[in-house]
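Before any comments, here is the structure.
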Amino acid sequence: MKIDTRQIPALGVILSEEFSPAELDLDTETIKFCGPIRAKAVISKSYNAIGVSLSLNAPMLASCSRCLQEFNASFNRQIELHYAADKLEPIIDLDPDIREEIILSYPINPLCNDACKGLCPKCGCNLNEGGCHCGST
Ligand SMILES: [Zn+2]
Ligand SMILES: [Zn+2]
């Protein structure tokens with residue numbers, strides 16, 4: 001998403017854009033985006049300062065940190081970005097900042113469910129699917 005600081009009206013402007021997660025290279029071992037990322041930016045300009053209030057949402061697949069199963073989750077985040085208007089470089093590319101904000105807000109230990117029982121430490125079976133028979137539980 002790019003904004004041209006010369007073309008922001010006094011009352012601000014709203015931009016909507018969809019981009020593919022692959023464009024921003026967002027997938028990690030535990031998080032995969034499985035659909036387009038929708039971004040809506042409310043852009044305002046006052047004197048030389050550009051404010052961007054951005055809401056992002058996208059469907060994603062996360063791997064549970066306890067049982068390792070993938071589950072559907074959604075990414076929703078509101079971020080605020082600030083830039084200085086620069087006459088020499090009027091085009092601001094938001095993508096690097098959007099990418100960084102998304103990656104910083106990944107859940108560190110995603111859980112398929114707060115009550116997830118995880119895997120048996122002995123035999124590795126999924127304890128959410130019933131007790132295991134190795135005798136450790
Ligand atoms: Zn789990
Ligand atoms: Zn077991």
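Read the figures in this text as sums done on the coordinates, not as results from a lab. What you are looking at is a predicted structure, and each value in this text was computed from that prediction instead of being measured. Cβ: placed from backbone, ideal geometry, glycine included. Neighbour counts: every protein chain shown.
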**OP:** Provide a single number: the residues in the stretch 37-72 that are under 11 Å from the mean Cα position of the chain (by Cα) and farther than 16 Å from Asp97 by Cα.
**Re:** 3
Original post:
Is at least one residue of the stretch 70-83 within 30 Å of Gln7 (Cα to Cα) and small (Gly, Ala, Ser)?
Top reply: no
Subject >> Filtered residues of the stretch 21-35 (kept if of a type in the set (S, T, N, Q) and buried (at least 17 other Cβ atoms within 10 Å of the Cβ)) >> reply: Thr30
Original post:
Of all the strands (runs of 3 or more DSSP E) wholly in the stretch 1-52, which have at least 3 residues that are touching a residue at least 24 places away in the same chain (Cβ under 8 Å) and not charged (D, E, K, R)?
Top reply: 13-19, 37-46
Subject >> Failed item in (1) within 16 Å of ligand 1 (Cβ to nearest atom); (2) part of a loop (DSSP other than H, G, I, E, B); (3) touching a residue at least 12 places away in the same chain (Cβ under 8 Å), with Asp86 passing the rest >> reply: (1)
Subject >> Evaluation of His133 against (1) loosely packed, with under 10 Cβ neighbours inside 10 Å; (2) in a loop (DSSP other than H, G, I, E, B) (one fails), failing number >> reply: (1)
Subject >> Residues of the stretch 109-130 that turn out to be within 11 Å of ligand 2 (Cβ to nearest atom), not in a loop (DSSP other than H, G, I, E, B) and not aliphatic (A, V, I, L, M), as a count >> reply: 1
Original post:
Looking at the stretch 89-106, which of the residues that are free of Cβ contacts under 8 Å to residues at least 60 places away in the same chain and surrounded by 11 or more Cβ atoms within 10 Å (Cβ to Cβ) is nearest to ligand 1 (Cβ to nearest atom)?
Top reply: Ser105
